[in-house]
Each structure stands twice: as structure tokens, then as C-alpha cells.
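Take a look at the structure below.
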Amino acid sequence: MKDQIFISHATPEDNDFTIWLASRLEMRGYLVWIDKEGLLGGERFWNTIQKAIDSSRKVLLVYSNNIVRDGSLKSGIENELEYAKSLASSKNDTEFVIPLHLDDSAYNLVIGLPNINHIPFNDNWAQGLAQLFKKLDKDGVQYDPNISSTLSAWYESVYSTDSKIEKRKELYYTSWWSVKSIPQTFYMYKFFNKEQATSVRQANQLIPVAQLSNIISSFDGELSFDIVREGQSFKVLPQNIYSYQLEDILYGFESSGFPTHKEVENHFKDYIRYLIYEILYRKGFRKTVISNKRYVYYLPAYQKKFNSISFLYKYSSQKHPKRKSLGGIFKNKGYWHYGISILPVLTPFVGVSVKSHLIFTKDGRKVIEKDSVQHSYRRSKGRNFYNEHWRDMLIALLASLQDTNGKIEIPVTKKGACLEMKLWPETFWSEYGYLDPSRSMNENDIENLPYEEELIE
């Protein structure tokens, strides 16, 4: 049976820390109560809060400068704290309230708490969490062992004490790779059958044209319908030509028949996927199919070696570029390759969502076919990769796609109109920074951890 833990905190100033703390406590198997209504900015109901404190085994006070306003405790914090202190004797627990010292606040903000040991979170959240777990264990606070796992045990004993979350401005790179510029008109050509569509697509090989059954898609509104077969020339004309403005595809339109907005959207996404593959293919990337039937694009080792790729970070003022390789030799068993799979998206940006993968080959080109071997190799190699490493490989891959003009683009019409992709993934600034662990997870720590491909990929 698991005990409930109540968290008292200043809203909204300490919400980020409180949500992080609650998630870590629940990961271990505790039942956690936080004021969800308060977190969302709604009305706080004292009867509900009072009952929650009554049924809790411990009350954690997020102790920071934010609990005080104009020299006095905020009313909500004071009510929760005073009520919890009144229950300490009936619960036979002199340390029913545990202060978690979050910042540089003075220890005398609250009467009666300076004499109670504060658990320090002001320097390193993860180390504070490890000390809190020890305190809860010492006081016999119960958690559900069925929820605990090899992963959470590793997080507590190794990862959490080596990593650090701190308040500092930091630039984060997302997995969205967005379009920079794109033609505004999209065309769909519907033919009588698939064979006709294929013949017209093959007659327009100078530009990328996508095909789904008897429909071909393009940004070019002037495709050639002239077919040459067995020395004879003839035309294969489409049954219908449909054209749509990008704005209509993104925001929707009414249709009483074929094609519906959803059908146009699907053909448009398929065409974006095809164009990204063409960009990769023209730079030497090849594709393979992984166990979930997803295509992964990776760079083979054509000369049985990988050249490092130089790149700069977005907004960087560094004078010397960073260098990163997209593959290498793996334990004398073959080669590892960094690869990506893509999922076209229209919101929040027009572009693709990117997933990172590790692919293993025997000779730098031929992919190892056995899924269990690929999984085993990914575990072994992937344990050494943290956020920074995955980020740098993605940035390096995009840098490798630039042409001599420093652009990532592909012509999509015979008149030279291009689809141009951004040079970096989408980014955003955060008020919190994260330091990766300084040591990797040991293979013995994860040998019994159930493998899910999505965790690695």
C-alpha cells in the first residue's frame, strides 16, 4: 500500500518545481496530492485541501522566497502549514512537515521551522530528491513496489545524483524541422488508372513528382503529358487537375465530393515526405525499414569511414565550428549510423517531425536484418548518448544537406521554384537549463529493463 504525500507550494511562482517533484515522487510509487485547481489558476477549496492533509503521511513545504508576500506568509501557505502542524501530535510525527529549501531564502521565514532540518534543493534538484527519498524511507513512508522499476531505481541511484536542473536561460532545439519557403499552389493530377499516372510521372523526371495510386502530386502546374513508348509519341491526359492554395490546405475548405480536404491534406503531406527524401537521397542518404515499418534515412560509410561534419549552433558567436560524425565503427562488429525518420506535419509549423535512430550495418552499407541484434546494439551504443549528443548529430545532419550557397533546397518546378528548408530545427528559449549526467548508464543496470523501440529512437 502506498502513502499519500501532500505538497504545499507558492502558486504560480514554484509551479515548475512542484510539478517536477510530483512526477518524480509518483515515478517511485508514492500517491501525491497537489492543488491542481490552484496550478490551473482556479479557485482553491479549503475543505478539499484540509481532507487531503488529513489523509497524508507527510506534508512537503516548498520553502522559497515565494511563500512570503510583504513580509508575511501567503494566506494559502499559512493555512496549510498551520493545519499540518496541528496534526503532528495526533499523527505521532514531529516531522510531519518537511521543508524543501529551494533557493537562498532565510531559514526564519516561518516560525517553528528553523529547528526542523531543511532538505536542500537550492543547488541541485536531483541531489535534493535523493536526500528526500532517504528521509521518507527512514520515516517508513510507503510506496507501491509494483510501480518501482529498474529505470526508476537507476534514476535515483545514478542519473539523478549526476544531473542538474538549474534556473538559467538556455536555448532548446526541438524535433521540428520546418519549411522556410514553399510554392503557394499545390496540384493533384488524377488519371484513369495507376499505369497512366506512372507513365506521366516518369515523363517528368527533371522535377520531383509524388504518386499515390492513380494520382500524382506536384507544385508544377505545367507537367508534360507527352509519352514516348516503342518509338511512338502520344499524350496521356489526366481526367482532372485540382489546384489548391497552401492557405486552403492549412485552414480547410468545403468539398461535396472528391477530393475532400482530408484527402488533399494527405496527398500534400505525402509530397512533403517525398521531397525531404529526395533532399536526403541527393546527399547520399539511403533508407531502411525498421521493425515498426517506419523508414529511416541514414548515411552509409561509402569508403568504410565517416567524415566529420562542421556546424555552428544557432545564434552562436563561436569562431571555430564544432565537428560531429554521423557514424563509426561499433565494437569490431560492424558500423553504427545516425539516422532519422520523418513525419510530415502542418501544425504548429509546415515541415516534418524528426525522430532520431541508430542503425547498424555489417560493412557500412548492408543493414543487419535481425531485429533482436539491432535492438541489442542500440542499447549498448545508445547508453552513451545523452541530449547534447543527439542534438549535435541532428544539427550536423542538417548541416550536411546544405548546398554551396548555404541553403537546403530542392527545385520543384521546371521554371526553378524551390522548396527551401530551414538550416536548424525549431528552437525556443527556456528559463531553466539542464546538465546531462557525467557518466553513462551501465549495461548491467538495464539488462532486465523491457525494451521499447520508441525509447531509443
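The values are calculated or read from the model by the stated rules, or taken from the named source; none is laboratory data. Everything quoted here is computed from the prediction, not taken from an experiment. We place every Cβ from the backbone using ideal geometry, glycine too, and count neighbours over all the protein chains shown. Just so you know, the surface numbers come from the protein's heavy atoms only, side chains and all, with ligands and any DNA or RNA stripped out. Shrake-Rupley method; radii C 1.70, N 1.55, O 1.52, S 1.80 Å.
Any idea which of (1) under 25 Å from residue 306 (Cβ atoms); (2) at pLDDT 90 or above; (3) within 17 Å of the chain's Cα centre (by Cα) is the one residue 402 doesn't satisfy?
Every condition holds for residue 402 apart from (3).
Within the range 1-25, can you find the residues that are open to solvent by 30 Å² or more (accessible area, probe 1.4 Å), of a type in the set (A, V, I, L, M, F, W, C) and more than 17 Å from residue 432 (Cα to Cα)?
1
Please determine whether any residue of the range 105-126 is within 30 Å of residue 416 (Cα to Cα), among the polar types (S, T, N, Q) and either at pLDDT 95 or above or open to solvent by 20 Å² or more (accessible area, probe 1.4 Å) (or both).
no
Where the second residue is among the polar types (S, T, N, Q) and the first is in a loop (DSSP other than H, G, I, E, B) and lies in the range 391-416, which pairs have Cβ atoms under 8 Å and are six or more apart or on separate chains?
Matching pairs, first to second residue: 412/218; 413/218.
Of 337, 357, which residue is assigned to a strand (DSSP E or B), buried (at least 19 other Cβ atoms within 10 Å of the Cβ), more than 16 Å from the chain's Cα centre (by Cα) and not hydrophobic (A, V, I, L, M, F, W, C)?
Working: 357 fails: more than 16 Å from the chain's Cα centre (by Cα).
From the options 337, 357, the qualifying one is 337.
Test each condition in (1) under 23 Å from the mean Cα position of the chain (by Cα); (2) of a type outside the set (Lys, Arg); (3) surrounded by fewer than 17 Cβ atoms within 10 Å (Cβ to Cβ); (4) under 23 Å from residue 173 (Cα atoms) for residue 291 and report the one that comes out false.
If we test residue 291 against (1) under 23 Å from the mean Cα position of the chain (by Cα); (2) of a type outside the set (Lys, Arg); (3) surrounded by fewer than 17 Cβ atoms within 10 Å (Cβ to Cβ); (4) under 23 Å from residue 173 (Cα atoms), just (4) comes out false.
Which of the residues spanning the range 239-265 are assigned to a helix (DSSP H, G or I) and in contact (Cβ under 8 Å) with a residue 40 or more places away in the chain? Working first, answer last.
So in the range 239-265, the residues assigned to a helix (DSSP H, G or I) come out as 246-251, 261-265.
Hits for the range 239-265 are 246, 247, 249, 250, 264, 265.
Would you confirm whether any residue within the range 178-201 is over 20 Å from residue 242 (Cα atoms), in contact (Cβ under 8 Å) with a residue 60 or more places away in the chain and buried (at least 16 other Cβ atoms within 10 Å of the Cβ)?
Looking for residues that are over 20 Å from residue 242 (Cα atoms), in contact (Cβ under 8 Å) with a residue 60 or more places away in the chain and buried (at least 16 other Cβ atoms within 10 Å of the Cβ), one finds at least one in the range 178-201, hence yes.
Residue 274: in contact (Cβ under 8 Å) with a residue 24 or more places away in the chain, open to solvent by less than 30 Å² (accessible area, probe 1.4 Å) and either aliphatic (A, V, I, L, M) or not in a loop (DSSP other than H, G, I, E, B) (or both), yes or no? Talk me through it step by step, then tell me what you get.
Numbers: in contact (Cβ under 8 Å) with a residue 24 or more places away in the chain: yes; open to solvent by less than 30 Å² (accessible area, probe 1.4 Å): no; either aliphatic (A, V, I, L, M) or not in a loop (DSSP other than H, G, I, E, B) (or both): yes.
So residue 274 does not fit the description; no.
Which of the residues spanning the range 405-435 are surrounded by 14 or more Cβ atoms within 10 Å (Cβ to Cβ), at pLDDT below 85 and not hydroxyl-bearing (Ser, Thr, Tyr)?
Selection gives 433, 435.
Might you check whether a residue that is among the basic types (Lys, Arg), open to solvent by 60 Å² or more (accessible area, probe 1.4 Å), at pLDDT 85 or above and assigned to a loop (DSSP other than H, G, I, E, B) occurs anywhere in the range 299-311?
Scanning the range 299-311 turns up no residue that is among the basic types (Lys, Arg), open to solvent by 60 Å² or more (accessible area, probe 1.4 Å), at pLDDT 85 or above and assigned to a loop (DSSP other than H, G, I, E, B).
For residues in the range 50-76 being open to solvent by 10 Å² or more (accessible area, probe 1.4 Å) and in a helix (DSSP H, G or I), which is farthest from residue 118 (Cα to Cα)?
Going through the qualifying residues, I end up with 51.
Could you say which residue among 391, 365 is more than 29 Å from residue 171 (Cβ to Cβ) and basic (Lys, Arg)?
Testing whether each residue is more than 29 Å from residue 171 (Cβ to Cβ) and basic (Lys, Arg) leaves just 365.
Which of (1) buried (at least 21 other Cβ atoms within 10 Å of the Cβ); (2) not in a strand (DSSP E or B); (3) not charged (D, E, K, R) is the odd one out, the single condition residue 221 does not satisfy?
Among (1) buried (at least 21 other Cβ atoms within 10 Å of the Cβ); (2) not in a strand (DSSP E or B); (3) not charged (D, E, K, R), the lone unmet condition for residue 221 is (1).
Name the pairs: first residue in the range 343-366 and of a type in the set (Ser, Thr, Tyr), second residue open to solvent by 70 Å² or more (accessible area, probe 1.4 Å) and assigned to a strand (DSSP E or B), Cβ to Cβ under 8 Å, at least 6 apart or on different chains?
353/176; 353/343
What's the total number of residues in the range 375-402 that are among the small types (Gly, Ala, Ser), buried (at least 18 other Cβ atoms within 10 Å of the Cβ) and over 12 Å from residue 356 (Cα atoms)? Reasoning before the result, please.
Residues of the range 375-402 that are among the small types (Gly, Ala, Ser), as a first pass: 376, 380, 382, 396, 399-400.
This time we only want the ones that are buried (at least 18 other Cβ atoms within 10 Å of the Cβ), so: 382, 396, 399-400.
Next, only the ones that are over 12 Å from residue 356 (Cα atoms) stay: 396, 399-400.
Final tally of qualifying residues: 3.
What's the number of the condition residue 230 fails, among (1) within 36 Å of the chain's Cα centre (by Cα); (2) on the phi > 0 side of the Ramachandran plot?
Failing condition for residue 230: (1).
When residues of the range 207-258 are filtered for being out of contact with any Leu (no Cβ under 6 Å at 6 or more places or on another chain), modelled with pLDDT of 95 or more and aromatic (Phe, Trp, Tyr), how many remain?
3
Using the structure shown, decide if residue 205 is under 29 Å from residue 422 (Cα atoms) and either open to solvent by less than 50 Å² (accessible area, probe 1.4 Å) or in contact (Cβ under 8 Å) with a residue 12 or more places away in the chain (or both).
For residue 205, the condition - under 29 Å from residue 422 (Cα atoms) and either open to solvent by less than 50 Å² (accessible area, probe 1.4 Å) or in contact (Cβ under 8 Å) with a residue 12 or more places away in the chain (or both) - is not met.
Do you know which residues across the range 277-288 are in a helix (DSSP H, G or I) and open to solvent by 80 Å² or more (accessible area, probe 1.4 Å)?
281, 282
Given the criteria of a type in the set (A, V, I, L, M), touching a residue at least 12 places away in the same chain (Cβ under 8 Å), crowded, with 20+ Cβ neighbours inside 10 Å and part of a helix (DSSP H, G or I), does residue 216 qualify?
no
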